[in-house]
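First up is the structure itself, then whatever we jot down about it.
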């Protein structure tokens, strides 16, 4: 019994080990052309995501369709948000500079009404 409780703190639960570095999360607000929506989704699921999953540092990628603005106003014209999570910014930058990214990102970007989209980089805390 003593061995089983040796790792517990006074609060009862053991603190999770902190990662060396918190991941980064990239958010890109997109205005997908409604006439090209199915093309974008096909390219995301069948081209972009499979390529991204193979990259060093990759954690997750999502394409989210805006349902509603529950508080405040949604960015003008935005109908999708792309979200990419990487172990760190250095590995994300390597992915962005890669030949593979240069090939697969345009399959998404070419379905947009405008290439003037908002890109926000967050640190996961």
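Condition (residue is at pLDDT 95 or above, surrounded by 12 or more Cβ atoms within 10 Å (Cβ to Cβ) and closer than 15 Å to residue 96 by Cα) applied to the stretch 34-44: is it met by at least one residue? No, the stretch 34-44 contains no residue that is at pLDDT 95 or above, surrounded by 12 or more Cβ atoms within 10 Å (Cβ to Cβ) and closer than 15 Å to residue 96 by Cα. Look through the stretch 45-58, keep the residues that are touching a residue at least 24 places away in the same chain (Cβ under 8 Å) and in a helix (DSSP H, G or I), and return whichever of them is surrounded by the most Cβ atoms within 10 Å (Cβ to Cβ). That would be 48.
Looking across the stretch 107-116, the residues that are part of a helix (DSSP H, G or I) and in contact with a helix residue (DSSP H, G or I) (Cβ under 9 Å, 6 or more places away or on another chain) come down to 107, 108.
Under the condition of being in contact (Cβ under 8 Å) with a residue 40 or more places away in the chain and either more than 18 Å from residue 47 (Cβ to Cβ) or part of a helix (DSSP H, G or I) (or both), the residues counted in the stretch 83-102 number 9. Of the residues making up the stretch 102-119, just one is more than 17 Å from residue 26 (Cβ to Cβ) and touching a strand residue (DSSP E or B) at 6+ places or on another chain (Cβ under 6 Å), namely 111.
The values are calculated or read from the model by the stated rules, or taken from the named source; none is laboratory data. All values derive from a computational prediction rather than experimental measurement. Because the Cβ atoms are built from the backbone with ideal geometry, glycine has one as well, and the counts that use them run over all protein chains shown.
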